[in-house]
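Written out below as structure tokens is the structure these notes cover.
Bear in mind that the values in this text are calculations on the coordinates, not laboratory data. Bear in mind that the values here come from a model prediction, so they are computed numbers and not experimental data. Positions of Cβ are generated from backbone atoms using ideal geometry, with glycine treated the same way; all protein chains shown enter the neighbour counts.
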Amino acid sequence: MTTPLWCLVFFASWTLALVLFGLGPFRVGSVLMGKAKPNHFPAETPHGPDWYRRLMRAHANCVENLGPFGVVVLVGQLIGLTDGNFALLSQVYVGARVGQTLLHLASGRARIINLRFTCFLVQLVCVGAMIVEIARHG
């Protein structure tokens, strides 16, 4: 498997891990311990402690960004872009994605939010550069 595909698989796994090791246990535990009913977790209503709400948002950010990154990686794969700058950009993207998630979980303070936004900008630049690589190759 090529580096960009590994990055895509890692990103998808990271997104699932947020559910399996964070959101899921909190919700299931709350229901099993009688602290909440199964329908007590509507997406449009804030609920749970601050860390849980940040985790929900971090997971939503991953879900929102997985599709576009996946499409770019798969198109690159289809046209033979599997190494060089394309591979490096995919690695930097995933590193920035993990960094953004961890910062999201760490705090809601302004300095952390600025760092988180910087990670997001890095991701935008990487995907933009990957699209340019696709355009040049195609």
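Which of the residues belonging to the stretch 1-35 are over 12 Å from His59 (Cα atoms), touching a His at 6+ places or on another chain (Cβ under 9 Å) and buried (at least 17 other Cβ atoms within 10 Å of the Cβ)?
Taking the stretch 1-35 as the starting set, the residues that turn out to be over 12 Å from His59 (Cα atoms) are 1-10, 25-35.
Next cut, touching a His at 6+ places or on another chain (Cβ under 9 Å) only: 27, 30-31.
The answer is Arg27, Ser30.
Please work out if Leu66 is more than 16 Å from Cys126 (Cβ to Cβ) and either touching a strand residue (DSSP E or B) at 6+ places or on another chain (Cβ under 6 Å) or assigned to a helix (DSSP H, G or I) (or both).
On the way: more than 16 Å from Cys126 (Cβ to Cβ): no; either touching a strand residue (DSSP E or B) at 6+ places or on another chain (Cβ under 6 Å) or assigned to a helix (DSSP H, G or I) (or both): yes.
No, not satisfied.
All but one of (1) touching a helix residue (DSSP H, G or I) at 6+ places or on another chain (Cβ under 7 Å); (2) part of a helix (DSSP H, G or I); (3) aromatic (Phe, Trp, Tyr) hold for Phe21; which doesn't?
Status for Phe21: all satisfied but (1).
Filter the stretch 60-79 down to the residues that are among the small types (Gly, Ala, Ser) and without any contact (Cβ under 8 Å) to a residue 24 or more places away in the chain, then identify the one that is surrounded by the most Cβ atoms within 10 Å (Cβ to Cβ). Even if it seems obvious, please write down each step before you answer.
First, the residues of the stretch 60-79 that are among the small types (Gly, Ala, Ser): 60, 67, 70, 76.
Retained after the next criterion (residues that are without any contact (Cβ under 8 Å) to a residue 24 or more places away in the chain): 60, 67.
Working: Ala60: 14, Gly67: 9.
Residue satisfying both the conditions and the ranking: Ala60.
So which pairs qualify, if the first residue must be in the stretch 1-16 and without any contact (Cβ under 8 Å) to a residue 60 or more places away in the chain and among the hydroxyl-bearing types (Ser, Thr, Tyr), the second must be in a helix (DSSP H, G or I) and surrounded by 15 or more Cβ atoms within 10 Å (Cβ to Cβ), the Cβ gap must be under 6 Å, and the two must be at least 6 apart or on different chains?
Thr15/Cys62; Thr15/Leu66
Looking at the stretch 97-121, I want the residues that are assigned to a helix (DSSP H, G or I) and have a partner that is among the charged types (D, E, K, R) with Cβ atoms under 7 Å, at least 6 apart or on another chain. Which pairs are those?
Qualifying pairs under 7 Å: Gln100/Arg116; Leu103/Arg116; His104/Arg54; His104/Arg57; His104/Arg116; Leu105/Arg54.
Go through (1) over 24 Å from Phe117 (Cβ atoms); (2) loosely packed, with under 12 Cβ neighbours inside 10 Å and name the single condition Ala43 misses.
Looking at each condition in turn, Ala43 falls short on (1).
So Arg57 passes all but one of these: (1) within 21 Å of the chain's Cα centre (by Cα); (2) surrounded by fewer than 15 Cβ atoms within 10 Å (Cβ to Cβ); (3) more than 25 Å from Val72 (Cα to Cα). Which condition number does it fail?
Of everything listed in (1) within 21 Å of the chain's Cα centre (by Cα); (2) surrounded by fewer than 15 Cβ atoms within 10 Å (Cβ to Cβ); (3) more than 25 Å from Val72 (Cα to Cα), Arg57 misses just condition (3).
Report yes if some residue within the stretch 78-88 is at positive phi, part of a helix (DSSP H, G or I) and either out of contact with any Cys (no Cβ under 8 Å at 6 or more places or on another chain) or hydrophobic (A, V, I, L, M, F, W, C) (or both); otherwise report no.
We begin by selecting, within the stretch 78-88, every residue at positive phi; these are 80, 84.
From the residues that got through so far, the ones that are part of a helix (DSSP H, G or I) too are 84.
Cutting the leftovers down to either out of contact with any Cys (no Cβ under 8 Å at 6 or more places or on another chain) or hydrophobic (A, V, I, L, M, F, W, C) (or both) gives us 84.
Yes, because at least one residue in the stretch 78-88 is at positive phi, part of a helix (DSSP H, G or I) and either out of contact with any Cys (no Cβ under 8 Å at 6 or more places or on another chain) or hydrophobic (A, V, I, L, M, F, W, C) (or both).
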